1. Averaged across orientations, what area in nm² does the convex hull of the alpha carbons in region 458-512 project?
2. Calculate the translational D of region 1-103 in whole µm² s⁻¹ from Stokes-Einstein, where the hydrodynamic radius comes from the Kirkwood formula applied to all Cα pairs, the temperature is 25 °C and the viscosity 0.890 mPa s.
3. Any idea what log10 I(q)/I(0) is at q = 0.27, 0.29, 0.32 Å⁻¹ for region 117-161, Debye with uniform C-alpha scatterers and no solvent?
4. For an R0 of 60 angstrom, estimate the FRET efficiency from the Cβ-Cβ distance between Asn311 and Leu466 and round to the nearest 0.05.
5. Count the net charge of all other residues whose Cβ sits under 13 Å from the Cβ of Asp290, scoring Lys and Arg as +1 and Asp and Glu as -1.
6. What is the distance in Å between the Cα centroid of region 138-160 and that of region 1-73?
7. Can you pull the three principal axis extents for the Cα set of region 328-374, in Å, largest first?
8. Enumerate by residue number the GluC sites (Glu not before Pro) in region 260-318 meeting two conditions: DSSP loop (anything except H, G, I, E, B), and at most 14 other Cβ atoms within 10 Å of the site's Cβ.
Amino acid sequence: MCGIVGYVGHSDGRVNAGHNALDVVLEGLRRLEYRGYDSAGIAVVADGTISSRKKSGKLSNLITELDTRPLPESLTGIGHTRWATHGGPTDQNAHPHLSDGGKLALIHNGIIENFAELKLELQGKGVTFESETDTEVAAALLGDIYRNQLGGDVTNGGLTRAMQLACQRLEGAFTLLAVHADQPDVVVAARRNSPLVVGLGDGENFLGSDVSGFIDYTRRAVELGQDQIVTITADSVEITDFYGAPAEGKEYKVDWDPASAEKGGFPSFMEKEIHDQPDAVRQTLLGRSDIHGKLTLDELRVDPELLKHVNKIIVLACGTSAYAGQVAKYAIEHWCRIPTEVELSHEFRYRDPIVDENTLIVSISQSGETMDTLMAVRYAKEQGAKTVSICNTNGSTIPRESDAVLYTHAGPEIAVASTKAFLAQITAAYLLGLYLAQLRGNKFQGEIKDILADLGKIPAKVQHILDNEAQIKELGRSMADAKSVLFLGRHVGFPVAMEGALKLKELAYIHAEGFAAGELKHGPIALIEEGQPVFVVVPSPRGRDSLHAKVVSNIQEVRARGARTIVIAEEGDEAVKAYAEHVFYIPETPTLLAPLLATVPLQIFALALASAKGYDVDQPRNLAKSVTVE
Ligand code: F6R
């Protein structure tokens, strides 16, 4: 939530040095806009003063404002794109917020929990506030410390020291970036429970909520730890804790190309990312087994003996990632015979869960920054559990704080609604399940090899669905007026149904609900009336025949009450035709792998329907990509 960028460049003519801060920061904000798009703002330091512009609405509004009221050229700047928490998305509440008589500008991601008492204290000193935000309080506190406690004296530690002292007083979650007119070549930042990375350039340095904030300029990044302050100039990066003790960050190389974070000729990031899915699955499988089908998850640095003694798995995740976990539960329990629970992260620690050293916590998070999941993982660690993170974002907080990580290699996911990360998460969770089965001897090596071979065929099968997307797109467009769509599934098809409904809710803003098909008759069937569209995810008629027959019965039940049924079925399943107005076929695959295929038409349907309604599918209303508040 909220995208943050900071930049300091050099003016001595070195290679790469001396970009205009405004250009760098705007480019970073463009790439980070998926994190929040209620308002945007920027501040630069030039000619001994701070100049700032901010505007409610999307980044394009700020750009229009900058065309009308340009900012001066500068080598130091900060920028922010907001997802509102305290105070609505107005110009006034947009960041940056100024203090110290307009000489200090500050931007913030997170929530400052003790803002009310700090505000009262500052008001008592005569400070007045223009916005409803907690951020303005942080700016005022920082300004007050700089001016009144440190005497506005840069030789007294300046902005860095002021930031350390301010952070000692702040509670909650925050990334803060500040510039001061007295120190025109410095940006100071702080982080607690909120993301921040440093980008290392040649004669210039960067800050970003994630690496996409500076990926156009450098691939060298530094992870910051919890409760750290970083001061960047063009030539230096200095890290301390909140009390001024020197600290170190961990440098790493960003392994994706800026081009992979572009639309690549598609009208939206979401459409591009749906089409990235064959590759997302392929990359996630790559290099994780040898030619004998033996899984070699070297990165999973948990003592195999510990994994052998795991007697319970708890998957922690939110939203789409939690649906990936629900799919994985079926496979992990089947393959490993380990009881597996899937819990929404935000519910987990409030119910006194039973967790001990034989519990394996598997968190699933695309961003690796979801606060609910991070807090749940921390809680589980405190109880002695081993924690494994399945994550798509290198160097993010959840994998860093977990005992081990299995990265999904889906590449950057920019569209707010998750698509390719979902398929990659299921794939990674399956690898983990198979690895546990291998370690514990629940499956013969040959069986594991066969499942891996089936997984290896998934990318081509997803591609087949994408190559034949015209029919489902057409249906989506034709249903732009639908008021409500229901989704039914059984077994692994149940989480797929919920994911299909979530995609439609968040993109098209219409009522959509996913149900376990067998549950319908226990109540929700009352929703069915003449013409009600109902998607049904039908399992393969091969193998678990009874499941197929049961779902076909469920289709008949809703049709008998007037539903318009749209069926996702396996190629060759002719039987369903008699019960469906529309059938979309997916290639044959083992039941447990079917979610990797059945989800794809549902994503395309939601995309087409929302696009037909004229909605922005990349940035749906009220949402943000990375949910860094609880
Ligand atoms: C839905 C969606 C969200 C995320 C959820 C968890 O399309 O994207 O439901 O899945 O906010 O996010 P991560 O996976 O980053 O923890």
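Bear in mind these aren't lab numbers, they're just calculated from the coordinates by the rules spelled out. In this text the structure is predicted, and so the values were computed from the model without any measurement. Methodologically, a virtual Cβ is constructed for each residue, glycine included, from the backbone with ideal geometry; neighbour enumeration extends over all protein chains shown.
1. That works out to 4.4 nm², a quarter of the Cα hull's surface.
2. 180
3. Debye curve over Cα of region 117-161, log10 I(q)/I(0) at q = 0.27, 0.29, 0.32 Å⁻¹: -0.93, -1.00, -1.10.
4. Using R0 = 60 Å, I get an efficiency of 0.90.
5. Around Asp290, the surrounding residues sum to +2.
6. 24
7. Result for region 328-374: principal-axis Cα extents of 31, 26, 17 Å.
8. Glu262, Glu299
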